[in-house]
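Here the structure comes first, spelled out in structure tokens, and everything after it is commentary.
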Amino acid sequence: MSEANLSMGHGAGVMEASPFAIPSKKLVMWLFIISDACTFGAMLYAYGYLKNAAADWPHPFESASIMNALLMTFILVTSSLTILIGVRAAKAGNKSKAMLWTFITIVLGLAFAALHLKEWMGLINEGVRLFQNPWGSPMFGASFFAITGLHLAHVVSGAVALLVVILGYKRGRYNSDDLEIWSLYWHFVDLVWMFVVPMIYLMNVKA
Amino acid sequence: MDSNQGSLKGDLVVYVLILILACVQVFFLRGHLLAMLSVAGIQAFLAISFFMHLGSEKATLRLALIPVTLFVLVMMNMIWADSYRLMVLKPFAK
């Protein structure tokens, strides 16, 4: 074992250096992200399976819903940019700027959630339920609410996590590395939405 | 962890590119699943490489994460045969 590996810290003198050259908490976040990617992948494949096998799959989305989805995309991608600016400020040691941009990210996340709930309420008012709808295959509601609901849960939990981390960062409990690690999760949530929109919304536009 | 943050200008370029691709999906590719998923793949590549900075991480990390994820996602494609069987209510011809 080289001297460089005998660094201070947990397990000093026993542990080898990380082959990935990143802290273990960042590696854990990456592992969580790939497992979550497989979860969303499985759900989207299951959605495709059901849609493919149903002769009367509903196409309920009008152009207002599509524009709403585009606005939600704009908000989520913008929130990815704002958290990047926040992390950059935290790395530079500018605490107030880091807090400001992280709070903007959280507000954008909540705006996304509000638009999502508005879309849900519109469909519920039209008669869409988990296992029934006025148009065709009853599995549409189950798959739509399951996939978008899981994504919505990720957005809300990401906003809560960012709030906890930024408040801890203000008190000195967390540092810029913690904010960077949770920003990875936030970007992942953004990334998943890029696949949800075409599969769920753009493939089911009313003719 | 601050050696691979890139520049704000670069992040802005990636941000605009992702938004342009989202508009392309909505206004030009609507209803064409493979084309839309290809564009989504490009958006995901941009987000992972530049927003999540995986492009500037050590190659061992990329090799540990990307192939296994793609392998699992690609292997999930085996469900389509059964999906088509359900659609026509008979197995594929031997």
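What is the distance in Å between the Cα centroid of region A:113-141 and that of region A:15-36?
After rounding, the separation between the Cα centres reads 39 Å.
Can you tell me how region A:20-65 classifies by the Cα gyration tensor, rounded, prolate or oblate, using a/c under 1.5 as the rounded cut?
In terms of gyration-tensor shape, oblate.
Please report the net charge: other residues with Cβ closer than 13 Å to the Cβ of A:Leu167, K and R +1, D and E -1. Show your work: numbers first, answer last.
Details: positive: A:Lys95, A:Lys170, A:Arg171, A:Arg173; negative: A:Asp178.
Once positives and negatives cancel, what remains is +3.
At q = 0.08, 0.15 Å⁻¹, work out log10 I(q)/I(0) for chain A with the Debye formula, treating every Cα as an identical point scatterer and leaving solvent out; two decimals please.
Reported log10 I(q)/I(0), two decimals: -0.37, -0.95.
Can you give the mean number of other chain Cβ atoms that lie within 10 Å of the Cβ atoms in peptide B:44-56?
Rounded to a whole number, the mean comes out at 5.
Provide B:Met87, A:Met99 in ascending order of the number of other Cβ atoms located within 10 Å of each residue's Cβ, fewest first.
Listed from fewest to most nearby Cβ atoms, that is B:Met87, A:Met99.
Helix-only estimate, please: 222 nm mean residue ellipticity of chain A, summing -39500 (n - 2.57) across DSSP H runs of length 4 or more and dividing by its residues, to the nearest 500.
Rounded to the nearest 500, it is -25000 deg cm²/dmol.
Which of the three applies to chain B, rounded, prolate or oblate, going by the alpha-carbon gyration tensor with a ≥ b ≥ c and a/c under 1.5 meaning rounded?
The shape class here is oblate.
Averaged across A:184-195, how many Cβ atoms of other chains sit within 10 Å of each residue's Cβ atom?
The per-residue average across the peptide is 5.
Taking K and R as +1 and D and E as -1, what net charge do the other residues with C-beta under 15 Å from the C-beta of A:Met139 add up to?
Here the count lands on +1.
Using helices alone, I'd like the mean residue ellipticity at 222 nm for chain B: each DSSP H run of four-plus residues gives -39500 (n - 2.57), total over residue count, nearest 500.
-21500 deg cm²/dmol
Please compare each pair in A:Lys51/A:Lys118; A:Lys25/A:Lys97; A:Lys26/A:Lys91; A:Lys95/B:Lys58; A:Lys25/A:Lys91; A:Lys91/A:Lys170 to a cut-off of 21 Å on the Cα-Cα distance and tell me which ones are over it. Before the final figure, lay out the partial values.
Details: A:Lys51/A:Lys118 24 Å; A:Lys25/A:Lys97 24 Å; A:Lys26/A:Lys91 16 Å; A:Lys95/B:Lys58 29 Å; A:Lys25/A:Lys91 17 Å; A:Lys91/A:Lys170 14 Å.
Beyond 21 Å: A:Lys51/A:Lys118; A:Lys25/A:Lys97; A:Lys95/B:Lys58.
Partner chain Cβ atoms within 10 Å, averaged over the residues of A:51-57 - can you pull that number for me? Show your work: numbers first, answer last.
Values: counts 1, 7, 8, 3, 1, 0, 0.
Partner Cβ neighbours, averaged per residue: 3.
For region A:1-142, with only Lys/Arg (+1) and Asp/Glu (-1) charged at the beta-carbon, what is the dipole magnitude about the Cα centre, in debye rounded to 20?
Charge dipole of region A:1-142: 500 debye, to the nearest 20.
Could you list A:Cys38, B:Cys23 in order of exposure, starting from the residue whose Cβ has the fewest other Cβ atoms within 10 Å?
In order of increasing Cβ crowding within 10 Å: B:Cys23, A:Cys38.
Distance from the Cα centre of region A:167-207 to that of region A:52-98, in angstrom?
Here the two parts' Cα centres lie 8 Å apart.
Please compute the contact order of chain A in relative form: average sequence separation of alpha-carbon pairs under 8 Å and at least six residues apart, divided by the residue count, as a percent.
Working: 201 pairs, mean separation 59.2, N = 207.
Relative contact order of chain A: 29 percent.
Laboratory data are not the source of any read-out in this text; all were calculated from the coordinates shown. These numbers were taken from a predicted model, which means no experiment stands behind them. Heads up, the Cβs are rebuilt from the backbone with ideal geometry, glycines too, and the neighbour counts pull from every protein chain shown.
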